[in-house]
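The values are calculated or read from the model by the stated rules, or taken from the named source; none is laboratory data. Since the structure is predicted, the reported quantities are computational estimates derived from the model, not experimental observations. FYI the Cβ positions are ideal-geometry reconstructions off the backbone, even for glycines, and counts take in every protein chain you see.
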Amino acid sequence: MTIDSKGIPSNADSSSKLSINIAHGIADQLMAEVHEKAVGQTSGAKFEQMNMNFLMNTFPYLQNLRPGKWHISKLGNRNSVKTSSFAQYEHLEYLSLLTKSDARLAASMGNDYMVAPDVVIYRETETDDMINEKTDIIDDSVCNLADIRKSNGGLPILHASISAKWTMRSDRAQNSRTEALGLIRNRKGHLPHIVVVTGEPSTIGIISFRHRRY
């Protein structure tokens, strides 16, 4: 977080006096330096990394409440892990292949069903030995479609999707809303937790959406 030569904090909306005033209060408490804001996507990338670091330093302490093999990862266009890498959304890769080979299908469906969260928390599947550790619960005659069961050959389970936006102009708010709606509409099974984190101090009410669990 920095303050430029015009006195505007790097996370503030320069066209909003309220945003600038609140951001100044935050900057003063954090003893922000005075120099020009980072160019391009530098601040956004750092903010994503900070969010991931926070989760990595806190979420593991909840193992007694949420046992399992958990991973926290920052996604990106070059990352091999994508939304379709998880059990609830693996069918999206199949849809993507179909639309690439069929222009009319692509025009009909569009491409908004693929989402790219900034940071994700996901859980590995479990072996039958682990599930039956205390007593025999499952065998080959039951639970043959359960996502949590490794022997069913499924993918990891997406637990949470975090959209991290250092600043929040209306277009970025719309981007986070689109990501969330895509996760809601296109899932199979349970919906992961969906969170938006921003450094913009005056975004209350900008992002709002409703969904109904089916």
Which condition number does Ser151 fail, the rest of (1) modelled with pLDDT of 90 or more; (2) under 30 Å from Lys46 (Cα atoms) being met?
(2)
Can you name the residue in region 48-86 that is touching a strand residue (DSSP E or B) at 6+ places or on another chain (Cβ under 7 Å) and modelled with pLDDT under 90 and is also surrounded by the fewest Cβ atoms within 10 Å (Cβ to Cβ) among such residues?
Val81
Select, from Ala27, Ala38, Ala32, Ala45, the only residue that is under 21 Å from Val197 (Cβ atoms), over 20 Å from the mean Cα position of the chain (by Cα), modelled with pLDDT of 85 or more and surrounded by 13 or more Cβ atoms within 10 Å (Cβ to Cβ).
Ala27
Count of region 11-31 residues which are part of a loop (DSSP other than H, G, I, E, B) and in contact (Cβ under 8 Å) with a residue 60 or more places away in the chain
4
Qualifying positions in region 136-159 - assigned to a loop (DSSP other than H, G, I, E, B) and hydrophobic (A, V, I, L, M, F, W, C):
Ile137, Ile138, Val142, Cys143, Leu145, Ala146, Ile148, Leu155
Output yes when any residue across region 87-97 is surrounded by 11 or more Cβ atoms within 10 Å (Cβ to Cβ), touching an Asp or Glu at 6+ places or on another chain (Cβ under 9 Å) and at pLDDT 85 or above, and no when none is.
yes
Across region 108-123, which residue is modelled with the highest pLDDT among those that are in a loop (DSSP other than H, G, I, E, B) and of a type outside the set (Ser, Thr, Tyr)?
Asp118
Within region 146-158, can one find any residue that is hydroxyl-bearing (Ser, Thr, Tyr) and touching a Leu at 6+ places or on another chain (Cβ under 8 Å)?
no
Please go through region 185-196 and give me each residue that is surrounded by fewer than 18 Cβ atoms within 10 Å (Cβ to Cβ) and either among the β-branched types (Val, Ile, Thr) or under 23 Å from Lys46 (Cβ atoms) (or both), ordered by number.
Val195
Give region 116-170 a look and list any residue that's in contact with a His (Cβ under 6 Å, 6 or more places away or on another chain) and crowded, with 19+ Cβ neighbours inside 10 Å, or say none.
Ile121, Tyr122, Arg123
